[in-house]
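Read the structure below first, then the notes.
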């Protein structure tokens with residue numbers, strides 16, 4: 001019974017054995033090299049109510065050892081540091097010491113060290129609020145005419161960002177609106193802007209501004 005099992009598909013088994021042996025000799029016979037590579041830092045399991053601070057670094061340099069064929073650009077193209085934030089549940093600073101458990105390395109490649117070897121990341125609580133839209137006029141209407149009323153739709157807009165930064169936002173400003181030469185009421189569609197780069201708009205930046213314009217002294 002055992003003899004029959006050994007001889008069944010004998011040619012295929014012999015070929016597979018030869019291929020495995022050739023592959024083993026190819027890898028073992030390769031020169032072992034050391035390389036350094038800059039890789040991105042990725043984060044997983046970040047709580048929805050927390051934000052990663054702006055000062056967090058985006059890449060680290062890894063020192064790796066392995067067979068020459070496993071250290072090519074193609075073999076390491078998808079390499080990244082993946083930090084698990086499962087245990088981060090409140091604002092503040094957290095320090096992460098990088099190890100091979102944060103990497104998915106090709107077979108035969110060994111992690112030697114990372115530069116920097118530790119990452120200190122600051123987390124902030126995400127905050128949202130509504131702020132009024134402030135209309136900016138670049139140039140007024142024609143001589144002898146004046147703006148008697150202005151209406152903005154929507155009158156307020158939602159912004160979000162790190163708490164503390166959002167608290168400092170008093171309004172969202174429109175782009176400057178040019179009404180030079182205008183002698184009648186007009187509706188203008190314009191975008192809004194928040195000056196703090198760490199704060200963003202949670203809805204469309206576009207608003208409509210309706211101007212009621214009449215002759216002065218009416």
Just to be sure I understand, if you calculate log10 I(q)/I(0) by the Debye sum over Cα atoms at q = 0.11, 0.14, 0.16 Å⁻¹ for this structure, which of [x] -0.78, -0.94, -1.06; [y] -0.54, -0.90, -1.21; [z] -0.73, -0.92, -1.05 do you get?
[x]
Region 35-75 and region 118-155 have their Cα centres apart by a whole-number Å value of 38
Order of 51, 42 - criterion: other Cβ atoms within 10 Å of each residue's Cβ, fewest first:
42, 51
Fewest to most Cβ atoms within 10 Å: 78, 100 sort as 78, 100
Relative contact order, percent, of the chain when contacts are C-alpha pairs under 8 Å separated by at least 6 residues?
17
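Quick check on the exposure proxy: order 145, 43 from fewest to most C-beta atoms within 10 angstrom.
Details: 145 18, 43 15.
The order, fewest Cβ neighbours first, is 43, 145.
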Rg and Dmax [Cα atoms of region 31-116; Å; Rg one decimal, Dmax integer]:
14.6, 49
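Values in this text are rule-based calculations from the coordinates and carry no lab data. Computed from a prediction, not measured in an experiment: that's the story for all the values here. Virtual Cβ from ideal backbone geometry, glycine too; neighbours counted across all protein chains shown.
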